[in-house]
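For reference, the structure discussed in these notes is given below.
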Amino acid sequence: MSVSLYGNLFFVILELVMAIYTSSQAVLLDAVYDGIEFFMLLPSVFLIPLLYKPSNEKHPFGYMQIETVFIVIKGITMSAVTIGLIANSMNIVLHGGHIVSFDMVAGFELAACLIGVAVTLYLKHRNSTMNSPLIQAEMQGWKIDSIISIGMAAAFFMPKFITFTWFEPWIPYLDSILTIILSMIMLPTPIKTVISGIRDLLLISPGEETIQEIRELIEPQLRECRYSDLYYEVVKTGRKLWISVYITLERDELSVRRFQIFQARCISALAEKYTDFYFELLPEIEFEPEEMEEIAKETVGGEGIRD
């Protein structure tokens, strides 16, 4: 995260200088995005130790939600800034566009792409053993930056190689049009991040794809266990999955030792796919109304169940 933090700071300063010097909206887009990355990343670096504190009575789900809160704030901010840049670029197009130093911007973006690829590969290597959504979000950001940079480099080299007369009237609009196109391509990513983060904050079950993966891992481990139904409760907080499986057994008898073996098998299967999760296998205990009445009478001395 420190590598990503200092990398963002370096790019923010460099891109702001380049944006001011060239008056390029596309470079300004990069500078604003990296600036948001930096200011969102700065406090999260100091809060990372909280993510590894165990859950307790006050925080039954631990501190994982802090990570999700930062991701949601970051996504909202990026969405708002992207929409603002689209509006500003459209305003420039409507007022006749402007000329920028295309060769200088193209060379700068090409260098930025190479650095972005290097940082992305580094984060991917480090996250292979951590599986952190925060690092994954950073890695996604650097990946998007790299793709955008190579696209911008190619676009800004166009006036150098396309010398046709019909292309000349479009040159003043090239920077603004490119900014609008890139913004439209980038906009779905922060919006999806916000939607996913809000689902986690509201403790809404993750997507059907995740539930299906969990089913495919667990159900083969329970083939020897005679059951009539399985009910799944899955919640995601930050990087951690909380999985509860309620099993309705066909027989009344239950061996605790055998039940522990089935749970251990499920945990072992899940560990092959997920690195941070909590799993519990729980017997679903159901009573018919007559049985509940009978049990209540035995428990309270024959007084029965009162509404």
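Mind giving me the FRET efficiency for ARG199 and SER101? R0 is 35 Å, r the Cβ-Cβ distance, nearest 0.05 is fine. The value I calculate is 0.20. As a calculated quantity, the FRET efficiency between THR275 and ILE181 at R0 = 30 Å, using C-beta atoms, amounts to about 0.20. Electrostatic bookkeeping for GLN25 treats Lys and Arg as +1 and Asp and Glu as -1; over the other residues with beta carbon under 14 Å from its beta carbon, the sum is -4. A simple spin-label model places pseudo-atoms 7 Å from Cα toward Cβ; at LEU249 and PHE10 they are separated by 6.0 nm.
Other residues with beta-carbon under 12 Å from the beta-carbon of SER205 carry, at +1 per Lys or Arg and -1 per Asp or Glu, a net charge of -2. Calculate the FRET efficiency for LEU110 and VAL69 from the Cβ-Cβ distance with a Förster distance of 30 Å, rounded to the nearest 0.05. So, using R0 = 30 Å, E works out to roughly 0.25.
Pairs exceeding a 30 Å alpha-carbon distance, out of LYS58/LYS124; LYS74/LYS240; LYS124/LYS160; LYS53/LYS124; LYS160/LYS192: LYS58/LYS124; LYS124/LYS160; LYS160/LYS192.
A 1.4 Å probe, protein heavy atoms only, puts the accessible area of LYS236 near 60 Å². Stretching MET1 away from ILE261 to a fully extended chain increases their span by 89.7 nm, per 0.36 nm per residue minus the current alpha-carbon distance. Checking every one of the GluC sites (Glu not before Pro) in the stretch 209-280 against DSSP loop status and a limit of 11 other Cβ atoms within 10 Å picks out GLU224, GLU250, GLU253, GLU272.
The values are calculated or read from the model by the stated rules, or taken from the named source; none is laboratory data. Given the structure is predicted, the values throughout are model-derived calculations rather than measurements. Note: ideal-geometry Cβ built from the backbone for every residue, glycine included; neighbour counts use all protein chains shown. Heavy atoms of the whole protein, side chains included, go into the accessibility calculation; ligands, DNA and RNA do not. Shrake-Rupley method; radii C 1.70, N 1.55, O 1.52, S 1.80 Å.
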